[in-house]
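Student: Take a look at the following structure, please.
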Amino acid sequence: MKSVLVFSICIMFASLASVNAEECLDYGVEARWSYILEGQPGFVHCPLKVDPLSYNVTWSENGSTVHVTAERQSRIYRDGSMLRFVPARLGDSGYYSCVVWNSTGCFKRRVKVIVFKNHEGLCYNTTARFSSIESAKADVKVVCADLTDYVDGNTEQIQWYKECEPVKFGSSKFVAVGINLIIHNVTKADAGNYTCELPYNYDGKPFNLSRTKEVIVKVIKEQKLPVIIYPKNDSVEAELGSQVNLACNVAYSGKGGNIAFWWSINDMFAEDYDRNRVLTDEPFPTTSEDGTSLITRYLNISEVKKEDYETKFVCNLQTGIGATKYVLLKRPVPNFQGSLIAIFVALALVIVITILTYKLFKIDIVLWHRQNFLYRTSKEDGKIYDAYVMFPKSRNKESVYPTDTFVLKVLPEVLERQCGYKLFIFGRDELPGEAIADVIDETMNQSRRLIIVVTGIQSSDDFFEDAFEQQIALYDALVSNKVKAILIELEKIVDYTNMPESIKYIKQKQGVIKWRGEFTDRSLLPNTRFWKNVRYRMPPAQRFSSRRLDFQVGTFSTPHIIKVT
Ligand SMILES: *[C@@H]1O[C@H](CO)[C@@H](O)[C@H](O)[C@H]1NC(C)=O
Ligand SMILES: *[C@@H]1O[C@H](CO)[C@@H](O)[C@H](O)[C@H]1NC(C)=O
Ligand SMILES: *[C@@H]1O[C@H](CO)[C@@H](O)[C@H](O)[C@H]1NC(C)=O
Ligand SMILES: *[C@@H]1O[C@H](CO)[C@@H](O)[C@H](O)[C@H]1NC(C)=O
Ligand SMILES: *[C@@H]1O[C@H](CO)[C@@H](O)[C@H](O)[C@H]1NC(C)=O
Ligand SMILES: *[C@@H]1O[C@H](CO)[C@@H](O)[C@H](O)[C@H]1NC(C)=O
């Protein structure tokens, strides 16, 4: 035992004697670190690539002069120029120096070895991952990396995990081939941390090897050629003398750095057009409302002049297909819309007022019109009377009733004498001895209107002695629609429930004209409301005939009551 130890020490001294670390040329630390999962085997190459036949290689842990043993039974040992951990422990982390030397020279370089644990509950540690960036739609090959020193590429026993869950084969999406996992038609959803694991026997001892690769999927936007989106070969309004800023917007995808575009006016650079008024800006990147990347260049006119209205301001784009788009200035059009609305409102008002006025003064207008323009020279309808007057005549001959006064005195005075109408008043104008029915029938047919005077007390027995006949005639007249009726109400409240149907019908269809007047001088003026109403419903009177009628009517103007039996 003691001799073995002495022997070992001797060997060590011999080595040290031949390699003086101080004399070794130091190449520093290898940039690529070596990660080994705790409990798994890990092999580390000497970062100095030399021919092992012409050099001696030794490994030593940083800060130690002791060489790593070459004994294969050892957990950490050197195999040729390779440092092997079978398996690695967390405490093995650190710097390891690889020294290569021949009889004349010596070189060294250090390697950082990191033995790591997986994250709690995960099958990988994010600091020890490979990674690849893939573009969507492609078929992607995920390689179980860094296995060349351990197995050949044909191993069939690799297990694949995505985010530590076994990859679901079966669909054609995933296919495992050797040490590769093929993902067909990659989408964003396929991005993730893929872990491969395979059993690995070393010198009869079973181990596992696992590697994790983060697959990032990039959806690459289709590259579009830059295009001018403004101006659009249209025009903008600008007042003379005002300031106008015109923007040329070029939409692009990717980097907009080398898009060449500029403003031109009259086939020259805008900068040379009128330096005192027209300025152009350098292009600068902007974004439009829909998120499109734009690059914008301004053309600012400080004061619009007359000649600018005949000038095309052109934006020229050289990149891509090349294009030009222009914008014109135009004088603002006065706002017609406002005045149009005003005109329409005014027209509408005029119409409304006209209609209202007509409604209010319809009667006056019609009467005025009749008086001034319309007169009949001959009565072509062949009728004799302008109106047939019908009223409930009192049976009592002694007392004078308002109805009699109105019909026999007031009506003739106003309509006949003053207005020139010719009336047939039943009870005044029929000839004695005629059959009542014949008189009613004939005269009614020879009349243009039917004036019916009603009063509130006609239910009394004193009245309406001839009501029956009149009613029938009236009814016929209405049904045959030959004669227009004018209903005049003498008393304030007239109860229509006992009235003949035809009178109710007239009241409902045309309304009644109410006599509110006392029998005064004023109520005999044809220009009062009441008489205007009556005259309006009457046919136009014969003009210039009043004088002639005066004579005629004069004989009738004194009311006389003719008794009808
Ligand atoms: C030792 O290595 C150095 C550097 O590669 C080389 O120049 C030299 O010839 C080698 N010496 C021997 C004896 O091989
Ligand atoms: C390696 O070292 C041994 C003993 O220290 C020495 O005999 C041998 O020549 C060396 N080989 C080279 C290539 O320097
Ligand atoms: C992951 O590895 C790093 C070394 O790269 C280590 O510092 C860290 O502690 C590890 N994470 C866990 C959860 O062990
Ligand atoms: C990989 O895992 C880390 C930590 O769990 C996670 O943050 C990351 O998003 C994953 N990578 C992908 C591409 O999903
Ligand atoms: C290798 O991994 C599998 C599955 O993760 C596990 O069942 C097995 O125990 C591991 N083998 C060793 C030697 O750690
Ligand atoms: C042109 O007008 C734009 C927009 O108003 C402004 O941002 C820019 O600074 C102006 N450029 C020059 C040179 O006046």
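Student: Non-local amide H neighbours of N208 (under 5 Å, H modeled in plane, Pro and chain starts lacking H): which ones?
Tutor: For N208, whose amide H was placed from the backbone, the distant partners under 5 Å are Y200.
Student: What does the charge count around I365 come to, taking other residues whose C-beta lies under 12 Å from its C-beta (Lys +1, Arg +1, Asp -1, Glu -1)?
Tutor: Numbers: positive: K359, K362, R370, K532; negative: D364.
Combined, the nearby Lys, Arg, Asp and Glu give +3.
Student: Any idea what the alpha-carbon Rg over 2.2 N^0.38 Å comes to for the range 24-116? It would help to have the intermediate numbers written out before the result.
Tutor: On the way: Rg = 12.6 Å, N = 93, 2.2 N^0.38 = 12.3 Å.
Taking the Cα Rg and dividing by 2.2 N^0.38 Å, one obtains 1.02.
Student: Explain nothing, just the number: dipole magnitude of the range 102-258 about its Cα centre with +1 on each Lys and Arg Cβ and -1 on each Asp and Glu Cβ, in debye rounded to the nearest 20. Don't jump to the answer; show the numbers that get you there.
Tutor: On the way: 20 positive and 17 negative charges, 105 e Å.
Here the range 102-258 has a charge dipole of around 500 debye.
Student: Post the alpha-carbon centroid distance, the range 261-325 to the range 408-455, in whole angstrom.
Tutor: 94 Å
Student: Based on the mean of other Cβ atoms within 10 Å per residue, sort peptides 74-86, 341-353, 49-61 so the most packed one is first.
Tutor: Numbers: 74-86: 17.7, 341-353: 10.1, 49-61: 14.5.
So the peptides 74-86, 341-353, 49-61, ranked by packing, come out 74-86, 49-61, 341-353.
Student: I've got another one for you. Evaluate the Debye formula for the range 130-218 with equal point scatterers sitting on the alpha carbons, no solvent, and hand back log10 of I(q)/I(0) at q = 0.16, 0.22, 0.23 Å⁻¹, in q order, two decimals.
Tutor: The calculated log intensity ratios at q = 0.16, 0.22, 0.23 Å⁻¹ are -0.61, -1.08, -1.16.
Student: Under a 1.4 Å probe, what is the accessible area of the range 227-330 per residue, stated in Å²?
Tutor: Dividing the accessible area of the range 227-330 by its residue count gives 56 Å².
Student: What is the sum of charges around C98, taking Lys and Arg as +1, Asp and Glu as -1, for the other residues whose C-beta is under 10 Å from the C-beta of C98?
Tutor: On the way: positive: R78, K108, R109, R110; negative: E30.
For residues surrounding C98, the net value is +3.
Student: Excluding G121 itself, calculate the net charge of residues whose Cβ lies under 14 Å from the Cβ of G121, where each Lys or Arg counts +1 and each Asp or Glu counts -1. Please list the in-between numbers first.
Tutor: Details: positive: K117; negative: E120, E163, E165.
Neighbour charge sum, excluding G121 itself: -2.
Student: Using the per-residue mean of other Cβ atoms lying within 10 Å as a proxy for protection, in what order, highest first, do the peptides 213-220, 407-414 fall?
Tutor: Values: 213-220: 14.6, 407-414: 21.1.
The peptides rank, most packed first, as 407-414, 213-220.
Student: Determine ³J(HN,Hα), in whole Hz, for all residues of the range 501-507 in sequence, where each value follows from phi through the Karplus function 6.51 cos²θ - 1.76 cosθ + 1.60 and θ = phi - 60°; x replaces Gly and Pro.
Tutor: Per-residue couplings from phi come out as 3, 5, 5, 4, 5, 4, 4 Hz.
Student: Related question: For R529 paired with V236, estimate the spin-label separation in nm (one decimal), with each label point 7 Å from Cα along the Cα-to-Cβ line.
Tutor: Calculated label separation equals 6.7 nm.
Student: Measure off, as a whole percent, the carbon and sulfur share of the 1.4 Å-probe accessible area of the range 227-330, all protein chains present. Present the calculation step by step, with values, prior to reporting the outcome.
Tutor: Values: 2750 of 5850 Å².
In the range 227-330, the share of accessible area belonging to carbon and sulfur is 47 percent.
Student: If we sort 263-270, 366-373, 531-538 on the protection proxy, mean other Cβ atoms within 10 Å, highest first, what's the order? Don't skip to the answer; put the middle values down first.
Tutor: On the way: 263-270: 16.1, 366-373: 13.5, 531-538: 19.9.
Result, highest mean first: 531-538, 263-270, 366-373.
Student: Let me ask you something else. In Å³ and rounded to a whole number, note down the convex hull volume per residue for the Cα atoms of the range 286-360.
Tutor: Values: hull volume 16.3 nm³, N = 75.
So the per-residue Cα hull volume is 217 Å³.
The values are calculated or read from the model by the stated rules, or taken from the named source; none is laboratory data. Predicted model, so just to flag it, every value in this text is computed and none were measured. In this analysis, Cβ positions are derived from the backbone assuming ideal geometry, glycine residues included, and neighbour counts consider all displayed protein chains. Please note that ligands, DNA and RNA were not included when accessible areas were found on the heavy atoms of the full protein model with its side chains. Shrake-Rupley method; radii C 1.70, N 1.55, O 1.52, S 1.80 Å.
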